[in-house]
Amino acid sequence: MEILKGVHPGFVLDRKIREMNLRKGQLALAIREYPQTITSITKGRRGMNTELALKLEKALGLEEGYFMVLQVFYDIKQAKKREEKKPDLTKFRKILFWDTDFASIDWVRQYKAIILRVIQRGNEQEKKALIEFYGQERVQEVIAENLKSPN
């Protein structure tokens, strides 16, 4: 189990299906699920839920809870990844982001708005922290892009 920590349960399911020479569609029908559901899970596009995990574990002869344990470890890994993608928040004043919930800022997706906000309204410490997190090149790229736009 230690080796599988952080692996999407669908990838493990796909491997088990192949090892047993089963077809996804046949398995889905046997457990009264849509074949698309099984395919989405085995491709990692969808997570495992408790009811489906129990059905699959029973059908494949696996220990109860096997897939849900994998799902929990996968979710933990994903949460840690998201947490790692945040700068040192102590270097930014919350008032700088007065119009949003500071704790829920997505520092990866909203990078353009964040960079512009800090460059326009931030102090030197905040600008330095911004460059440390995003890199000088990306910050300059966003500023140049903003200068080109007709806003």
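Coordinate-derived values only; no laboratory data. On a predicted model such as this, the values are computed, not experimentally measured, just so you know. Quick reminder, even Gly has a Cβ in these numbers, built from the backbone with ideal geometry, and neighbours come from all protein chains shown.
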*Please state the relative contact order of the chain as a whole percent: Cα pairs under 8 Å, 6+ residues apart?*
20
*asked:* Under 17 Å from a point placed 7 Å out from the Cα of residue 136 along the Cα-to-Cβ direction: which residues of the range 105-125 have their backbone N that close?
replied: 125
*Please state, as a whole number in µm²/s, the translational diffusion coefficient that the Stokes-Einstein equation yields for the chain at 10 °C and 1.306 mPa s, with Rh defined as the Kirkwood radius across alpha carbon pairs.*
85
*Can you tell me the 0 to 90 degree angle between the C-alpha axis of helix 50-60 and the longest principal axis of the chain, rounded to 10?*
40
*Note the angle between two axes, namely the Cα long axis of helix 66-84 and the longest principal axis of the Cα atoms of the chain, as a number of degrees from 0 to 90, rounded to the nearest 10.*
10
*Where does helix 9-19 land angle-wise versus the long Cα axis of the chain, in degrees 0 to 90, nearest 10?*
30
*Please sort 137-146, 4-13 by packing, taking for each peptide the average over its residues of neighbouring beta carbons within 10 angstrom, highest first.*
4-13, 137-146
*Return the distance in nm (one decimal) between the two label points of a simple spin-label model at residue 148 and residue 81, each offset 7 Å from Cα along Cα→Cβ.*
3.0
